[in-house]
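K.L.:
Would you mind keeping the following structure in view while I ask a few things?
The values are calculated or read from the model by the stated rules, or taken from the named source; none is laboratory data. On a predicted model such as this, the values are computed, not experimentally measured, just so you know. Note that we place each Cβ from the backbone using ideal geometry, even for glycine, and neighbour counts take in every protein chain shown.
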Amino acid sequence: MSENPLVVDVKSNFQQLIQEVEDCADKTNRDPKEITIVGVSKRIGFEKIKPAIDAGLEIIGEIAGTELKKKLPLITSYSPSIQMHIVGKLQSNKVKFSVENCDLIQSVQTEKILSLINERAKIRDVIYPIFIQVDFSDVEYPKGLDMNSSLKFLDLVKKHSNIEVKGIMTIAPLEYEVDQNKLRKFFARTTSYFKEKIVPLLNVENPQLSMGMSNDYKIAIEEGSTMIRVGTAIFGPRY
């Protein structure tokens with residue numbers, strides 16, 4: 001991938017990422033087609049997003065906010081088939097925009113946001129897809145629902161007629177990024193719990209495990225991720 005942070009070859013980066021995903025899949029006897037790439041483009045301008053789309057990027061991950069509102073018309077005009085996922089923390093006042101303009105929200109973990117999504121989906125007369133954000137680690141400040149809470153949350157979703165849970169999303173704790181053994185165990189535990197406890201409760205085809213980012217996606221794939229959220233490895237450093 002590009003070495004000079006001032007000159008980023010986005011197309012080359014994306015092509016190399018595809019190759020590395022294939023290598024990781026081969027290493028664990030998986031089909032690379034099982035693994036979806038989400039290109040996270042927060043704080044990345046449209047001119048850098050275009051070459052990634054040209055290279056085959058089909059899903060963009062963003063944070064709902066002013067930046068996305070400005071970029072979205074440019075992105076969808078350039079590629080009407082592009083999918084948009086909300087991958088960052090979603091504020092209540094951004095739910096309306098997200099449901100109306102984005103294809104999926106990956107970061108749902110509170111009843112308040114769940115209810116607001118359902119209300120907006122009812123108005124649009126759609127069944128809106130979400131991921132539940134989980135964190136099956138033992139860190140002090142987890143970024144998602146723990147094992148017991150995630151099961152209760154899935155039960156809560158049943159009361160919301162216009163929402164469908166398509167999978168779960170997780171972010172590896174920063175404390176684990178410096179210890180590959182802990183990181184690998186975290187991903188393996190998440191995959192195991194996903195398959196044993198979450199999937200049987202989801203009435204969807206191909207339930208998704210969104211796990212792994214630029215610094216750790218290789219290990220995440222090796223441990224069972226079906227979707228990676230990659231920004232820096234495609235678009236280069238953010239300033």
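K.L.:
Quickly run through region 167-205 and pick out the residues that are free of Cβ contacts under 8 Å to residues at least 40 places away in the same chain, in a loop (DSSP other than H, G, I, E, B) and out of contact with any helix residue (DSSP H, G or I) (no Cβ under 9 Å at 6 or more places or on another chain).
P.N.:
The answer is 178, 179, 203, 205.
K.L.:
Given the conditions (1) touching a strand residue (DSSP E or B) at 6+ places or on another chain (Cβ under 9 Å); (2) in contact (Cβ under 8 Å) with a residue 24 or more places away in the chain, which single one is not true for residue 124?
P.N.:
With respect to (1) touching a strand residue (DSSP E or B) at 6+ places or on another chain (Cβ under 9 Å); (2) in contact (Cβ under 8 Å) with a residue 24 or more places away in the chain, residue 124 is out only on (1).
Rundown of residues vs (1) in contact with a Ser or Thr (Cβ under 6 Å, 6 or more places away or on another chain); (2) more than 19 Å from residue 30 (Cβ to Cβ); (3) acidic (Asp, Glu); (4) surrounded by fewer than 18 Cβ atoms within 10 Å (Cβ to Cβ), yes/no style:
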| site | (1), (2), (3), (4) |
| --- | --- |
| 136 | yes, yes, no, no |
| 151 | no, yes, no, yes |
| 172 | no, yes, no, no |
| 203 | no, yes, no, yes |
| 226 | no, no, no, no |
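K.L.:
Same structure again: What pairs come up if the first residue lies in region 227-239 and is at pLDDT below 95, the second is surrounded by fewer than 20 Cβ atoms within 10 Å (Cβ to Cβ) and in a loop (DSSP other than H, G, I, E, B), and their beta carbons are under 7 Å apart, counting only those six or more places apart or on different chains?
P.N.:
Partner pairs satisfying both residue conditions: 236/2; 236/5; 237/5; 238/43.
K.L.:
Filtering region 177-189 down to residues that are surrounded by 14 or more Cβ atoms within 10 Å (Cβ to Cβ) and over 19 Å from the mean Cα position of the chain (by Cα), which residue is nearest to residue 139 (Cα to Cα)?
P.N.:
Here the residue is 182.
K.L.:
If we scan region 31-40, do we find a residue that is loosely packed, with under 13 Cβ neighbours inside 10 Å and in a loop (DSSP other than H, G, I, E, B)?
P.N.:
yes
K.L.:
Separate question: Being in contact (Cβ under 8 Å) with a residue 12 or more places away in the chain and among the polar types (S, T, N, Q) is the filter here; which residues of region 102-121 pass it?
P.N.:
106, 107, 109, 115, 118
K.L.:
So, of the residues in region 87-102 that are among the charged types (D, E, K, R) and surrounded by 15 or more Cβ atoms within 10 Å (Cβ to Cβ), which turns out to be farthest from residue 66 (Cα to Cα)? Give the derivation first.
P.N.:
Going through region 87-102, the residues among the charged types (D, E, K, R) turn out to be 89, 94, 96, 100.
Then drop every residue that is not surrounded by 15 or more Cβ atoms within 10 Å (Cβ to Cβ), which leaves 94, 96.
Details: 94: 10, 96: 13 Å.
It comes out as 96.
Every residue, every condition in (1) touching an Asp or Glu at 6+ places or on another chain (Cβ under 8 Å); (2) closer than 23 Å to residue 88 by Cα; (3) among the hydrophobic types (A, V, I, L, M, F, W, C), yes or no:
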| position | (1), (2), (3) |
| --- | --- |
| 150 | no, yes, no |
| 159 | no, no, no |
| 163 | no, yes, yes |
| 167 | no, yes, no |
| 175 | no, yes, no |
| 182 | yes, no, no |
| 186 | no, yes, yes |
| 200 | no, no, no |
| 206 | no, yes, no |
